[in-house]
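Each remark here refers to the structure printed beneath this line.
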Amino acid sequence: MADRRTAAGQDWSAEGYAAHAGFVPALGATVRDLLDPQPGERILDLGCGDGVLTETLAESGAVITGLEPDPSLADAARRRGLVLLQQDAQDPFGSGAYDAVFSNAALHWMPDPARVFANVFAALRPGGRFVAEQGGFGNVAAVVTGLRAALQIHGHAIPEPGPWDFPLPRLQQARLERAGFNVISVDLIARPTPLPTGIAGWLETFAAPYLTGIPAPERPDVLKTVETLLHPLRDDAGDWWADYVRLRFVALKPG
Ligand code: BEZ
(Lines give C-alpha, C1' and ligand atoms only; values in the text may rest on other atoms or scores of the structure.)
Protein backbone atom coordinates (compact mmCIF):
# COMPACT_ATOMS: atom_id res chain seq x y z
CA MET A 1 0.00 0.00 0.00
CA ALA A 2 1.75 3.15 -1.14
CA ASP A 3 -0.55 5.70 0.44
CA ARG A 4 1.12 8.28 2.69
CA ARG A 5 -1.59 7.91 5.34
CA THR A 6 -1.57 4.14 5.76
CA ALA A 7 0.92 2.10 7.76
CA ALA A 8 4.35 2.60 6.19
CA GLY A 9 5.80 -0.41 4.46
CA GLN A 10 2.64 -2.53 4.28
CA ASP A 11 2.10 -3.97 0.81
CA TRP A 12 -0.65 -6.52 0.46
CA SER A 13 -0.78 -9.61 -1.72
CA ALA A 14 -4.28 -11.05 -2.11
CA GLU A 15 -2.79 -14.57 -2.45
CA GLY A 16 -0.63 -14.18 0.69
CA TYR A 17 -3.57 -12.78 2.62
CA ALA A 18 -5.81 -15.71 1.66
CA ALA A 19 -3.09 -18.25 2.63
CA HIS A 20 -1.98 -16.74 5.95
CA ALA A 21 -4.92 -14.64 7.12
CA GLY A 22 -8.05 -16.36 5.84
CA PHE A 23 -9.17 -16.50 9.49
CA VAL A 24 -9.73 -12.71 9.48
CA PRO A 25 -12.91 -12.75 7.35
CA ALA A 26 -13.88 -16.18 8.72
CA LEU A 27 -13.93 -14.77 12.27
CA GLY A 28 -15.94 -11.73 11.15
CA ALA A 29 -19.29 -13.51 11.57
CA THR A 30 -19.93 -12.01 15.02
CA VAL A 31 -19.61 -8.40 13.89
CA ARG A 32 -21.60 -9.22 10.75
CA ASP A 33 -24.42 -10.54 13.00
CA LEU A 34 -24.19 -7.33 15.05
CA LEU A 35 -24.68 -5.35 11.83
CA ASP A 36 -27.74 -7.48 10.96
CA PRO A 37 -27.95 -6.30 7.33
CA GLN A 38 -31.48 -6.02 5.92
CA PRO A 39 -32.70 -6.49 2.32
CA GLY A 40 -32.37 -3.29 0.30
CA GLU A 41 -30.17 -1.46 2.82
CA ARG A 42 -27.25 0.44 1.34
CA ILE A 43 -24.14 -0.66 3.24
CA LEU A 44 -20.51 0.37 2.86
CA ASP A 45 -17.81 -2.11 3.94
CA LEU A 46 -14.91 0.10 5.00
CA GLY A 47 -11.56 -1.60 4.31
CA CYS A 48 -13.18 -4.62 2.70
CA GLY A 49 -9.88 -6.29 1.79
CA ASP A 50 -10.32 -9.14 -0.66
CA GLY A 51 -14.11 -9.06 -0.20
CA VAL A 52 -14.57 -12.51 1.35
CA LEU A 53 -16.64 -11.20 4.29
CA THR A 54 -18.24 -8.47 2.14
CA GLU A 55 -19.68 -11.13 -0.14
CA THR A 56 -21.48 -12.73 2.80
CA LEU A 57 -23.07 -9.35 3.72
CA ALA A 58 -24.63 -9.29 0.26
CA GLU A 59 -26.38 -12.62 0.94
CA SER A 60 -28.83 -10.64 3.15
CA GLY A 61 -30.17 -8.79 0.10
CA ALA A 62 -28.48 -5.55 1.18
CA VAL A 63 -26.80 -3.47 -1.52
CA ILE A 64 -23.11 -3.55 -0.66
CA THR A 65 -20.26 -1.26 -1.71
CA GLY A 66 -16.69 -2.06 -0.69
CA LEU A 67 -13.99 0.51 0.03
CA GLU A 68 -10.39 -0.66 -0.28
CA PRO A 69 -7.26 1.35 -1.16
CA ASP A 70 -4.85 -1.50 -1.82
CA PRO A 71 -4.69 -2.45 -5.53
CA SER A 72 -4.12 -6.19 -5.03
CA LEU A 73 -6.95 -6.58 -2.49
CA ALA A 74 -9.24 -4.25 -4.48
CA ASP A 75 -8.72 -6.39 -7.62
CA ALA A 76 -9.51 -9.54 -5.63
CA ALA A 77 -12.73 -7.90 -4.35
CA ARG A 78 -13.72 -6.83 -7.88
CA ARG A 79 -13.16 -10.39 -9.12
CA ARG A 80 -15.92 -11.40 -6.66
CA GLY A 81 -18.21 -8.98 -8.48
CA LEU A 82 -18.26 -6.36 -5.71
CA VAL A 83 -18.89 -2.70 -6.43
CA LEU A 84 -15.80 -0.96 -5.14
CA LEU A 85 -14.49 2.47 -4.17
CA GLN A 86 -10.72 2.16 -4.48
CA GLN A 87 -9.58 4.90 -2.13
CA ASP A 88 -8.27 5.77 1.32
CA ALA A 89 -10.94 6.00 4.04
CA GLN A 90 -9.25 9.16 5.26
CA ASP A 91 -10.55 10.89 2.13
CA PRO A 92 -14.33 11.59 1.90
CA PHE A 93 -16.53 8.85 0.40
CA GLY A 94 -20.03 10.26 0.17
CA SER A 95 -22.74 12.29 1.81
CA GLY A 96 -25.82 10.61 3.33
CA ALA A 97 -25.45 7.75 0.88
CA TYR A 98 -25.52 4.75 3.26
CA ASP A 99 -27.88 3.20 5.82
CA ALA A 100 -24.91 1.55 7.52
CA VAL A 101 -21.13 1.56 7.47
CA PHE A 102 -19.47 -1.71 8.46
CA SER A 103 -15.82 -2.48 9.09
CA ASN A 104 -13.86 -5.57 10.12
CA ALA A 105 -10.13 -5.63 10.95
CA ALA A 106 -9.36 -2.43 9.05
CA LEU A 107 -9.68 0.61 11.34
CA HIS A 108 -6.46 -0.19 13.24
CA TRP A 109 -4.46 0.43 10.04
CA MET A 110 -5.74 4.01 9.69
CA PRO A 111 -3.53 6.59 11.40
CA ASP A 112 -6.14 9.36 11.50
CA PRO A 113 -9.31 7.97 13.16
CA ALA A 114 -10.82 11.45 13.59
CA ARG A 115 -10.83 11.94 9.81
CA VAL A 116 -12.18 8.46 9.17
CA PHE A 117 -15.00 8.89 11.70
CA ALA A 118 -15.90 12.32 10.27
CA ASN A 119 -16.08 10.72 6.81
CA VAL A 120 -18.24 7.84 8.09
CA PHE A 121 -20.55 10.31 9.83
CA ALA A 122 -20.93 12.33 6.61
CA ALA A 123 -21.53 9.20 4.50
CA LEU A 124 -24.39 7.92 6.70
CA ARG A 125 -28.01 9.04 6.42
CA PRO A 126 -29.51 10.48 9.64
CA GLY A 127 -30.27 7.49 11.90
CA GLY A 128 -27.68 5.35 10.07
CA ARG A 129 -25.40 2.99 12.01
CA PHE A 130 -21.65 2.39 12.18
CA VAL A 131 -20.80 -1.17 13.23
CA ALA A 132 -17.17 -2.23 13.44
CA GLU A 133 -14.61 -4.62 14.85
CA GLN A 134 -10.89 -3.89 15.03
CA GLY A 135 -7.87 -4.61 17.19
CA GLY A 136 -8.39 -3.25 20.71
CA PHE A 137 -6.06 -2.33 23.56
CA GLY A 138 -3.50 -5.11 24.15
CA ASN A 139 -4.07 -6.66 20.70
CA VAL A 140 -1.14 -8.87 19.61
CA ALA A 141 0.86 -7.36 22.49
CA ALA A 142 3.12 -10.41 22.76
CA VAL A 143 3.83 -10.34 19.02
CA VAL A 144 4.56 -6.60 19.09
CA THR A 145 6.87 -7.10 22.10
CA GLY A 146 8.69 -9.86 20.23
CA LEU A 147 9.14 -7.63 17.19
CA ARG A 148 10.39 -4.70 19.29
CA ALA A 149 12.80 -6.91 21.24
CA ALA A 150 14.19 -8.49 18.06
CA LEU A 151 14.75 -5.09 16.47
CA GLN A 152 16.65 -3.96 19.56
CA ILE A 153 18.72 -7.16 19.77
CA HIS A 154 19.77 -6.74 16.11
CA GLY A 155 20.57 -3.02 16.55
CA HIS A 156 17.65 -1.57 14.57
CA ALA A 157 15.40 1.35 15.46
CA ILE A 158 11.93 0.56 16.83
CA PRO A 159 9.23 2.44 14.86
CA GLU A 160 7.52 4.96 17.16
CA PRO A 161 4.64 5.33 17.24
CA GLY A 162 3.81 1.76 16.25
CA PRO A 163 1.94 1.20 12.99
CA TRP A 164 -1.38 0.09 14.49
CA ASP A 165 -4.11 1.83 16.48
CA PHE A 166 -5.46 -0.46 19.24
CA PRO A 167 -7.55 1.86 21.45
CA LEU A 168 -9.18 1.32 24.82
CA PRO A 169 -13.01 1.38 24.68
CA ARG A 170 -13.11 4.76 26.44
CA LEU A 171 -10.81 6.34 23.84
CA GLN A 172 -12.77 4.96 20.88
CA GLN A 173 -16.04 6.05 22.49
CA ALA A 174 -14.68 9.60 22.96
CA ARG A 175 -13.52 9.72 19.32
CA LEU A 176 -16.92 8.54 18.06
CA GLU A 177 -18.76 11.06 20.22
CA ARG A 178 -16.46 13.84 19.03
CA ALA A 179 -17.46 12.93 15.46
CA GLY A 180 -21.16 13.31 16.44
CA PHE A 181 -22.18 9.66 17.03
CA ASN A 182 -24.35 8.29 19.83
CA VAL A 183 -22.42 5.25 21.02
CA ILE A 184 -24.63 2.23 21.73
CA SER A 185 -21.92 -0.25 22.75
CA VAL A 186 -18.14 -0.65 22.82
CA ASP A 187 -16.71 -3.97 23.97
CA LEU A 188 -13.18 -5.29 24.39
CA ILE A 189 -12.94 -9.06 23.88
CA ALA A 190 -9.90 -11.34 24.25
CA ARG A 191 -9.85 -13.77 21.32
CA PRO A 192 -6.77 -16.02 21.18
CA THR A 193 -6.55 -16.94 17.50
CA PRO A 194 -4.94 -20.02 15.93
CA LEU A 195 -2.52 -19.17 13.13
CA PRO A 196 -2.95 -21.59 10.21
CA THR A 197 0.57 -20.99 8.86
CA GLY A 198 2.25 -20.30 12.20
CA ILE A 199 3.89 -17.14 13.42
CA ALA A 200 6.09 -17.09 10.28
CA GLY A 201 3.02 -16.76 8.04
CA TRP A 202 1.53 -14.08 10.27
CA LEU A 203 4.76 -12.07 10.27
CA GLU A 204 5.07 -12.43 6.49
CA THR A 205 1.56 -11.02 6.07
CA PHE A 206 1.37 -8.32 8.72
CA ALA A 207 4.80 -7.33 10.10
CA ALA A 208 6.16 -5.31 7.16
CA PRO A 209 5.78 -1.96 8.99
CA TYR A 210 8.34 -3.20 11.56
CA LEU A 211 10.80 -4.38 8.90
CA THR A 212 10.96 -1.52 6.40
CA GLY A 213 14.09 0.05 7.92
CA ILE A 214 16.05 -3.23 7.75
CA PRO A 215 18.09 -4.20 4.66
CA ALA A 216 16.38 -7.20 3.02
CA PRO A 217 19.30 -9.64 3.56
CA GLU A 218 19.17 -9.02 7.34
CA ARG A 219 15.42 -9.60 7.74
CA PRO A 220 15.46 -13.43 7.96
CA ASP A 221 17.73 -13.30 11.04
CA VAL A 222 15.50 -10.73 12.72
CA LEU A 223 12.41 -12.84 11.99
CA LYS A 224 14.17 -15.94 13.36
CA THR A 225 14.77 -14.05 16.61
CA VAL A 226 11.11 -12.96 16.76
CA GLU A 227 10.05 -16.57 16.30
CA THR A 228 12.39 -17.78 19.07
CA LEU A 229 11.17 -15.07 21.46
CA LEU A 230 7.53 -15.94 20.76
CA HIS A 231 7.72 -19.67 21.53
CA PRO A 232 5.26 -19.23 24.46
CA LEU A 233 2.58 -18.59 21.80
CA ARG A 234 2.71 -22.30 20.85
CA ASP A 235 0.24 -24.70 22.42
CA ASP A 236 0.85 -28.23 23.74
CA ALA A 237 0.60 -29.58 20.17
CA GLY A 238 3.17 -27.05 18.92
CA ASP A 239 0.57 -24.97 17.03
CA TRP A 240 0.83 -21.19 17.03
CA TRP A 241 -1.74 -18.78 18.45
CA ALA A 242 -1.80 -14.98 18.43
CA ASP A 243 -3.04 -12.95 21.37
CA TYR A 244 -5.80 -11.12 19.51
CA VAL A 245 -8.03 -8.68 21.41
CA ARG A 246 -11.01 -7.25 19.52
CA LEU A 247 -12.78 -3.95 20.00
CA ARG A 248 -16.36 -4.10 18.74
CA PHE A 249 -18.72 -1.12 18.63
CA VAL A 250 -22.11 0.10 17.45
CA ALA A 251 -22.68 3.85 17.00
CA LEU A 252 -25.62 5.77 15.55
CA LYS A 253 -25.77 9.01 13.61
CA PRO A 254 -28.57 10.99 15.31
CA GLY A 255 -31.78 10.90 13.22
C1 BEZ B 1 -5.68 -7.46 13.66
O2 BEZ B 1 -6.55 -7.74 12.84
O3 BEZ B 1 -5.93 -7.43 14.85
C4 BEZ B 1 -4.29 -7.12 13.20
C5 BEZ B 1 -3.98 -7.12 11.89
C6 BEZ B 1 -2.72 -6.76 11.49
C7 BEZ B 1 -1.76 -6.44 12.39
C8 BEZ B 1 -2.07 -6.45 13.70
C9 BEZ B 1 -3.34 -6.81 14.12
Tilt, helix 113-123 to longest principal axis of the chain (alpha-carbon atoms), in degrees rounded to tens, equals 30 degrees
Could you size up the charge dipole of the chain around its Cα centre, putting +1 on the beta carbon of Lys and Arg and -1 on that of Asp and Glu, and report it in debye to the nearest 20? 680 debye
Between residue 95 and residue 137, what is the label-to-label distance in nm when each label sits 7 Å out along the Cα-to-Cβ direction? 3.8 nm
Once you order the gyration tensor axes a ≥ b ≥ c over the Cα atoms, which shape class does region 168-242 get: rounded for a/c under 1.5, otherwise prolate or oblate by comparing a/b with b/c? oblate
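Let's see if you can work this out: charge +1 on each Lys and Arg Cβ, -1 on each Asp and Glu Cβ, no other charges. What is the dipole magnitude of region 1-149 about its Cα centre, in debye to the nearest 20? The partial results should precede the final answer.
Values: 11 positive and 18 negative charges, 53 e Å.
About 260 debye.
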Using the Cα centre of region 134-255 as the reference point, and only Cβ charges (+1 on K/R, -1 on D/E), how large is the resulting charge dipole? Debye, rounded to the nearest 20. 540 debye
With axes computed from alpha carbons, what is the tilt in degrees of helix 169-178 against the longest principal axis of the chain, rounded to the nearest 10 within 0 to 90? 40 degrees
Any idea which of 217, 247, 231 is furthest toward the positive side of the dipole for region 212-255, if Lys and Arg beta-carbons carry +1 and Asp and Glu beta-carbons -1? 247
Run the quick spin-label model on residue 125 and residue 56: label points 7 Å from Cα toward the beta carbon, then report their separation in nm to one decimal. 2.7 nm
Can you give the FRET efficiency to the nearest 0.05 for residue 153 and residue 235, using r as the Cβ-Cβ distance and R₀ = 25 Å? 0.50
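May I have the convex hull volume per residue, in Å³, for the Cα set of the chain?
Numbers: hull volume 29.9 nm³, N = 255.
Considering the Cα atoms of the chain, their hull volume per residue is 117 Å³.
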Can you work out the Karplus-derived ³J(HN,Hα) for every residue in region 56-61? Use 6.51 cos²θ - 1.76 cosθ + 1.60 with θ = phi - 60°, whole Hz, and x for glycine or proline. 6, 5, 5, 4, 6, x
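Rounded to the nearest whole Å², what accessible area per residue is found for region 11-162 with the 1.4 Å probe?
Working: 5860 Å² over 152 residues.
Averaged over the residues of region 11-162, the accessible area is 39 Å².
The values are calculated or read from the model by the stated rules, or taken from the named source; none is laboratory data. From a predicted model like this one, the values you see are computed outputs, not experimental measurements. As a convention, Cβ positions derive from the backbone with ideal geometry for all residues, glycine included, and neighbour counts pool all protein chains shown. Note: accessible area is taken over every heavy atom of the protein model, side chains too, but ligands, DNA and RNA are not part of it. Shrake-Rupley method; radii C 1.70, N 1.55, O 1.52, S 1.80 Å.
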